Amino acid sequence: MLTEGIFPVVCNFPGMGGISSETFKGYPVSFDDFIALEQSSLVPYRLLLRTFQGRFGIMTSNCIYPRIENEVASASKEILAYLRQNIGFDGLVLSDTICEEDLMGGHEERPFVEVAIEHVCKLIRAGVNILNFDVDPDIIERIFDGVLEKCDKDLSLRQDVERASARIAHRKRALGILDNPFRPCAFDTEGVLRTEETTRIVKEVAMRSIYLHSDENG
């Protein structure tokens, strides 16, 4: 994959092999702690890092590990800190899919966009670099606007966004996608993310993307 210019993403950290039949807030639950995970699900991550550090991304899971933290892994500071500090991963972290069905469990009385904005901010604070949505593009834009508005009022959140942006730019440079050094600039995304050219590129990437899935049978 790497030789063909495909950036692989490994799913779903820290592992979903121990999922029980129980659910919490609409999410699957695993009662594994880090000790149990180190004996099973975390083994392949450590093996991959020995050879391919920085050359692949890791997607977190929409699973809750109550013996670690009562948050989905994507929003868990404990889990993402373990990934960085104990596993030693310095690449890009992607969230598991953000969709209305998952987020609205227990929040039926609130607008989806409002709930989604809060959730996205939580993911960014936890250390997620790239957000993975499965919602209408118009709704994504409203979520985007809401997060930007919060960044204007919350310096800490804004700094978390800027750190994620810098990590993405650094990884693109390392992969040869960006030729020019990343230079910190004013927090202005309007002239970059909403141009016709950017929209065209995003649609082309979506059309050409592939998703490889395997189970115990390969």
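The set of residues from segment 33-66 being open to solvent by 20 Å² or more (accessible area, probe 1.4 Å), aromatic (Phe, Trp, Tyr) and within 14 Å of residue 18 (Cα to Cα) comprises just one member, 34. The number of residues in segment 76-111 that are in a helix (DSSP H, G or I), at pLDDT 95 or above and surrounded by 17 or more Cβ atoms within 10 Å (Cβ to Cβ) comes to 4.
Note on segment 122-131: residues that are more than 18 Å from residue 99 (Cα to Cα) and not in a helix (DSSP H, G or I) amount to 1. Of the residues in segment 42-75, how many are modelled with pLDDT under 90, part of a helix (DSSP H, G or I) and within 15 Å of the chain's Cα centre (by Cα)? So the answer is 0. Among the residues of segment 132-177, those that are outside any helix (DSSP H, G or I), within 19 Å of residue 9 (Cβ to Cβ) and either open to solvent by less than 80 Å² (accessible area, probe 1.4 Å) or modelled with pLDDT of 90 or more (or both) comprise 132, 133, 175, 176.
Report, by residue number, each residue of segment 3-32 that is open to solvent by less than 50 Å² (accessible area, probe 1.4 Å) and either within 30 Å of residue 172 (Cβ to Cβ) or at pLDDT 90 or above (or both).
Answer for segment 3-32, where residues must be open to solvent by less than 50 Å² (accessible area, probe 1.4 Å) and either within 30 Å of residue 172 (Cβ to Cβ) or at pLDDT 90 or above (or both): 8, 10, 12, 13, 14, 15, 29, 30, 32.
Please indicate, with yes or no, whether at least one residue in segment 118-128 is acidic (Asp, Glu) and either touching a residue at least 60 places away in the same chain (Cβ under 8 Å) or in contact with a Pro (Cβ under 9 Å, 6 or more places away or on another chain) (or both).
As a first pass, look at segment 118-128 and keep what is acidic (Asp, Glu): 118.
After this cut, where a residue has to be either touching a residue at least 60 places away in the same chain (Cβ under 8 Å) or in contact with a Pro (Cβ under 9 Å, 6 or more places away or on another chain) (or both) as well, the list is none.
The answer is no; no qualifying residue exists.
Residues in segment 56-80 that are in contact (Cβ under 8 Å) with a residue 60 or more places away in the chain and within 15 Å of residue 10 (Cα to Cα): 57, 59, 60, 73.
The values are calculated or read from the model by the stated rules, or taken from the named source; none is laboratory data. All values reported here derive from a predicted model rather than from experimental measurement. Cβ sites come from the backbone with ideal geometry, for glycine too, and all protein chains shown count toward neighbours. When the accessible area is computed, the model is the full protein with side chains, heavy atoms only, and any ligands, DNA or RNA have been set aside. Shrake-Rupley method; radii C 1.70, N 1.55, O 1.52, S 1.80 Å.
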